[in-house]
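Below is one structure, written out as structure tokens, with a few remarks after it.
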Amino acid sequence: MKRSFIVTEDGSKSLYVHEMGETYHSKFGALQEANFVFIKNGLDLYKNQSVSILEIGFGTSLNAFATLCKAQTLNLKIEYTGVEAYPLTKEEISNLNYPEIANRLDLVPDFEKMNEVSWENSHIINDIFTIKKQQKYFDQIEDIEQYDLIYFDAFGYQFQPELWTKEIFDRMFTALKPGGVLVTYACRSIIKNNMKASGFITEKLPGPPGKREMLRAKKIAL
């Protein structure tokens, strides 16, 4: 797929996929969206503990970086798994500007390490953040009750509906620990219904700038 960079409204970069006519992140602000959807409505539920996170669509590493930025404030120790079928090239990675836009130049070495480490292996980024990047399709995920939190950041339903099926959410439900949470920017009725059919309890939340609503889903502990 042909990809090229765009600058979103908050100054952070995203990628535009020409064949799909879709961007990796919101044009209203990539970093802003990541912080609103995945940090405010996901990570902020956890404090003073270890948290295992699965990201569906590692992409530009934006959500991982936003998590790294907030982990120390929340006193968290993060084990992060990012799944991506089409990893960025080294040239694309070199164009990312998230530490600068987030005003976290202190994290530049960690951000670079996060993107440079090899795939399929677990790597210690710093004393509170460990990452494992996996190159595979979402329907190949077979983890069982491994994660506290899932960031579901796949391309939109209108572009890739096959990523938002009950079958995919069955895998997400199985991968979550009891009491675990899934958050996503999306809020279509068919997505919510597919989540419910997989066993999730869902709730609509106010969306980030440019979106009216988003979804959060929970796997109820028995």
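The values are calculated or read from the model by the stated rules, or taken from the named source; none is laboratory data. As the structure is a computational prediction, the values presented were derived from the model and not from experiment. A quick note on method: Cβ atoms are made from the backbone with ideal geometry, for glycine too, and the neighbour counts reach across all protein chains shown. We work out accessible area using only protein heavy atoms, side chains counted, and drop any ligands, DNA or RNA first. Shrake-Rupley method; radii C 1.70, N 1.55, O 1.52, S 1.80 Å.
Counting lysine pairs in segment 131-222 that sit 8 or more residues apart in sequence, or on different chains, and whose Cα atoms lie under 23 Å apart gives 25.
How high is the FRET efficiency between E112 and D170 when r is their beta carbon distance and R₀ equals 41 Å, given to the nearest 0.05? If you can, show how the numbers build up before the last one.
Working: r = 36 Å, r/R0 = 0.89.
According to the calculation, E is roughly 0.65.
May I ask you to give the average projected area over all directions of the convex hull of the Cα atoms of segment 62-180, in nm² rounded to one decimal? So the mean shadow area of the Cα hull is 8.2 nm². Helical runs assigned H by DSSP (4 residues or longer) give the chain a calculated mean residue ellipticity at 222 nm of -6000 deg cm²/dmol, each run adding -39500 (n - 2.57) before division by the residue total. In whole percent, and with a 1.4 Å probe on the protein chains, what portion of the accessible area of segment 120-190 is carbon and sulfur? C and S atoms contribute 48 percent here.
Please build a GNM for the chain, connecting alpha carbons under 10 Å apart, and tell me which residue among E162, E91, E100 fluctuates the most. Answer for the Gaussian network model of the chain: E91.
The gain in end-to-end length when the T89 to W119 segment is fully stretched comes to 9.5 nm, 0.36 nm per residue minus the alpha carbon separation.
With every protein chain left in place, what is the accessible area per residue of segment 1-125 in square angstrom, probe 1.4 Å? Each step should come with its number before you reach the end.
Working: 5670 Å² over 125 residues.
On a per-residue basis, 45 Å².
Close amide-amide hydrogen proximity is noted between F129 and I78, each under 5 Å apart and 5 or more residues distant or on a separate chain (H modeled in the peptide plane; Pro and chain starts excluded).
When only Cα pairs under 8 Å and 6 or more residues apart are kept, what is the percent relative contact order across the chain?
Details: 433 pairs, mean separation 41.2, N = 222.
After rounding, I find 19 percent.
The list [x] 17.4; [y] 16.8; [z] 20.1 gives values of Kirkwood radius over Cα pairs in Å, and only one came from this structure; which label was calculated from it? Recomputing Kirkwood radius over Cα pairs in Å here gives the entry labelled [x]. Here the peptides 69-79, 137-147 are ranked by packing, the mean other Cβ count within 10 Å, and the order with the highest first is 69-79, 137-147.
How large a share of the accessible area of segment 2-104, in percent, is made up of carbon and sulfur atoms when the probe is 1.4 Å and the other protein chains stay in place?
Details: 2000 of 4290 Å².
The C+S portion of the solvent-accessible surface of segment 2-104 is 47 percent.
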